[in-house]
Structure formats: structure tokens, C-alpha cells
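Working notes, beginning with the structure itself.
The values are calculated or read from the model by the stated rules, or taken from the named source; none is laboratory data. Only a predicted model underlies this, so the values are computations on that prediction, with no experimental measurement involved. Every residue, glycine as well, gets a Cβ built from its backbone with ideal geometry; the counts of neighbours run over all protein chains shown. Surface areas here come from the heavy atoms of the whole protein model, side chains and all, with no ligands, DNA or RNA. Shrake-Rupley method; radii C 1.70, N 1.55, O 1.52, S 1.80 Å.
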Amino acid sequence: QERMPQTPPFAAMFDSSGYNRNLYQSKEDSCGGLYYHDNNLLSGSLEALIQHLVPNVDYYPDRTYIFTFLLSSRLFMHPYELMAKVCHLCIEQQRLSEPGLDKNRIRKIAPKILQLLTEWTETFPYDFRDERMMRNLKELAQRIASGDEMYRKNVQQLLQNLLRKLATVSQYEEVLAKINATSTDRLTVLKTKPQSIQRDIITVCNDPYTLAQQLTHIELERLNYIGPEEFVQAFVQKDPLDNDKSCYGDRKKTRNLEAYVEWFNRLSYLVATEICMPVKKKHRARVIEYFIDVARECFNIGNFNSLMAIISGMNMSPVSRLKKTWAKVKTAKFDILEHQMDPSSNFYNYRTALRGAAQRSLTAHSNREKIVIPFFSLLIKDIYFLNEGCANRLPNGHVNFEKFWELAKQVSEFMTWKQVECPFERDRKILQYLLTIPVFSDDALYLASYESESPENHIEKDRWKTLRFVSKV
């Protein structure tokens, strides 16, 4: 039996010069609607690019091409339309619809078609939340399976894996919905409880290192659910060659990317809430020092997203205005962290630290060393600017594939990072607290802040009056 074409893991998609874009280039393609320079595929008509995706007896597309095209093609057509075309081409070219199929021919092509379907279902499983995708997948898989018992088993395995992934994401979405329902802002409850029975973060977890580990659990779990296509869907516009429809409209099948950004905001507000809530100045200063230690541990772990959320929580006005509290804090460690995450020169210091963590991850011997959790809003911004900076189409109507290599390169690095298993033990009590404890709104934060340290000028005094009036109503 011929073996399935094997594909390297995500990290191996890169070579020393950047990107393997020319493996397995088939000779006849250099003219058939595809344009190469120095063996690198730079552009092509949409039809030629689709053709380049479809394997035949002598050819299987390079994995970097498969990933890049499946990622970027959705800017030009619905995934289900692409799937329909791929199925049609497979059936036509291999004459799979003819009665009396040649078993030998099936044996030569089946592993390759199956491999393509496996890559698609494993890397972009959310595409298959669309029934039209599922229908096409099953139909093509059925044709292959009818030729041989071994392929039948492979097809069953592929479908089982896909259904398991889709079931898992549905469960995750239900859990998120429940968490969001329980963590709404309950300012009045917090305000009317006597101070002594209010829990705070330090009583739940007094060790900054443990808290940083639990934050890393939440980060990695949420990262893991983000599909690569969600980055592209975030900035879909109309395809200029398609007059009547924006290319994404109806089919944003997931919102894991938004849920992750919401988590960042929640963590910032949680930090600010914990700092503004205590009545005693000494206690507030202790909470600030505690979070500085947590942030430092996050930095050491490679969890830059939690680090940035903590810093932004501490930099919120209701927290930064507490001058008497800050006067009691040893801020040297905080200054170092702020320097690391300084936005000047396009976050130069952070990018250097991120490169260091990514390098460590490549040579890591343990999951502990593999962790790289990027500052997520900056990653999205980078991808957004890459997309905005270049046209999707060239003046001759060709798809600008050179742009999409770069896009895929950034997204595939993220794909490597999101697959890391969290090596730390879970602590349910701490996780529960981080995810569901009510946090203050902006107004509630200001109110708590003014009650801790009185307003200093007319603007603050007026605001305090208004807030007190509103909170009593």
C-alpha cells in the first residue's frame, strides 16, 4: 500500500530564509496562470491557484501552499464554494464518477486526496460548521472509500476527529456563555458587603507564581480555540472582482478571537478592581506589589498577554491617581516591566523579548520552555497592517500571493504557539475566581478610587458628586 504524503509540523514550515514556498513545484505550472520568480510563487489567477491545490497521481501540493491558500482564499470566495470546486476537480480529473472505477488508479490518488481533506479538517475545522461543507466532504470521502476497505477506515477516522473538534468548540462556547452570565458587574453587592467578608485575590491565592501559572492556563486554553481563519475574517472586505457581495457577511462561524480580547479587558479591570477596593492604604499598596510580582512571573513564563493586561490595569486612571498609595510601593520592579512593554519604537523592547521567547520555544525540551503567549492586540494590529498595506489583487486581476505568504507566515507562527500544552497544575478555586468574580465598571472604579483618596481638583470633585448621586439612585 502506498503511504499517505507526510506533512511537517507547523514549526518546520519555515526554513532559515523564511518560508518554504517552492517545495514540489510541478513543472507545467510555471506558465498555467501562475507567476513565479526565482522559484517562488508570487501571483496567479484564482482558478490556477485552485488547480494548484488539487493533487493528482504525480503531484501533491506543499503544505505551506495548502495552509496559505486555504487561509487567504476566503478573501475571494466562501470556503464551501472552494470545497465544491476542489471536489469537482478531483472527481473530474480522476474520473471518480465513472462506473467500474479502476482500483489501481484509486489506490494511487486516494491517499493524496485524503491527505488534503485531513489537512483542511484539522487546520480549519470551523469551516465545517457549514452544512454545505460537510455535505461536499462526505460525498468526496465516500467516493474514495468505495474503492478500498482501508480508505473506508481512514475516512471514518477523519470524520470522527472532525466531529470531536466541532463538539469541543460548542462545549467551550457554552462554558464561556455561562462564565459571562455569572460575572456581570455587581457593584451594589460589593459596596454593601462589609469589608471583612469580601474576598480578595490575595486570600484566594497568596503566591504570585501560582497566580501567573493559572493565568497561563486561561490564556492557553483560549488561544487554543482561535482558528487561523479568524484573523483573516476580522478584516474581510468586498472583493473588487465581485460586485454584489462582501466576502464574509453570513459566515463568521466563531467568535473565539473576540472572547480572547474580552478576557484581556476583564483581567485589566480585575486588577484595577482589586487595587481600588481595599479601604486601607497599606492593603492597597500590598495588592499593587502583589500584581507587580505576578506580572514579573508572567514575563518569565513567556505569558506576555497577561503581563500586558496587568500593566494596563495598573495604568488605568482610577489606579494611577492613588498617589498616596503608590508612595508606599517599591516601584523599581514595576518600572522594569513597564520598560519591557514600552510602546515606543513600535514596541521594540517587547518585540525583542518575544523573539527571545520564540527562540527558546524552538529549542525547548519541556512544555514549560515552549510557552509563548504574544500580546494579542498587537499581533492582530500587525496582521491588520500587513493586510491594509498591500492589495489582495494585482492590476492584472491576479491574486497577490506574495502578500499571502507573509500573512500565512505570521499566522502559522501563532499556530505553533497555540498548540502548547499547559504544563502547570490547574487550581479550580483560583481559576473560578479569575473567571467569575464580579469586576467594577469604569464608574465604580472611579467611585472606589475617590473614596480611597479624595478628589484633588474641580474636575474630580464634580465627577465624584455625580457618581455618588447616580450610585444612590
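Worth pointing out:
- Close pairs (7 angstrom Cβ cut-off, 6 or more residues apart or separate chains): in the same structural domain as LYS138 (by the TED database) in segment 106-120, crowded, with 24+ Cβ neighbours inside 10 Å and among the polar types (S, T, N, Q) anywhere: ILE109/GLN94
- Exactly one residue out of VAL155, VAL169 is among the hydrophobic types (A, V, I, L, M, F, W, C), modelled with pLDDT of 90 or more, open to solvent by less than 80 Å² (accessible area, probe 1.4 Å) and under 23 Å from PRO228 (Cα atoms): that is VAL169.
- None of ALA110, ALA84 is modelled with pLDDT of 90 or more and over 21 Å from ASN40 (Cβ atoms) except ALA84.
- Filtered residues of segment 31-47 (kept if under 17 Å from PRO79 (Cα atoms) and surrounded by 18 or more Cβ atoms within 10 Å (Cβ to Cβ)): LEU46
- If you filter segment 434-473 down to residues that are in contact with an Asp or Glu (Cβ under 8 Å, 6 or more places away or on another chain) and among the β-branched types (Val, Ile, Thr), you find that the one that is surrounded by the fewest Cβ atoms within 10 Å (Cβ to Cβ) is VAL470.
- Residue match in segment 293-300 (condition: open to solvent by 10 Å² or more (accessible area, probe 1.4 Å) and farther than 24 Å from PRO423 by Cβ): no
- Residue-level check: of (1) surrounded by 13 or more Cβ atoms within 10 Å (Cβ to Cβ); (2) farther than 30 Å from ARG351 by Cβ, PHE404 misses just (2).
- A count restricted to segment 122-149 and to residues that are among the β-branched types (Val, Ile, Thr) and crowded, with 22+ Cβ neighbours inside 10 Å stands at 1.
- Extreme residue, modelled with the highest pLDDT, among residues of segment 301-336 that are among the aliphatic types (A, V, I, L, M) and open to solvent by 40 Å² or more (accessible area, probe 1.4 Å): ALA327
- For segment 47-71, a residue qualifies if it is among the acidic types (Asp, Glu) and in contact with a Ser or Thr (Cβ under 8 Å, 6 or more places away or on another chain), and exactly one does: ASP58.
- Of the residues screened, ASP342 is one that is open to solvent by less than 80 Å² (accessible area, probe 1.4 Å) and free of Cβ contacts under 8 Å to residues at least 12 places away in the same chain.
- Segment 267-283 - residue that is assigned to a helix (DSSP H, G or I) and open to solvent by 20 Å² or more (accessible area, probe 1.4 Å) and, of those, farthest from ASP443 (Cα to Cα): LYS282
- Any hit, segment 357-370, residues being in a helix (DSSP H, G or I), touching a His at 6+ places or on another chain (Cβ under 9 Å) and open to solvent by less than 80 Å² (accessible area, probe 1.4 Å): no
- Unique residue being assigned by the TED database to the domain that holds PHE304 and closer than 14 Å to ILE301 by Cα when the list is ASN396, ASN400, ASN367: ASN367
- For ARG286, the stated conditions do not hold, so it cannot be described as open to solvent by 60 Å² or more (accessible area, probe 1.4 Å), under 19 Å from CYS205 (Cα atoms) and under 26 Å from the mean Cα position of the chain (by Cα).
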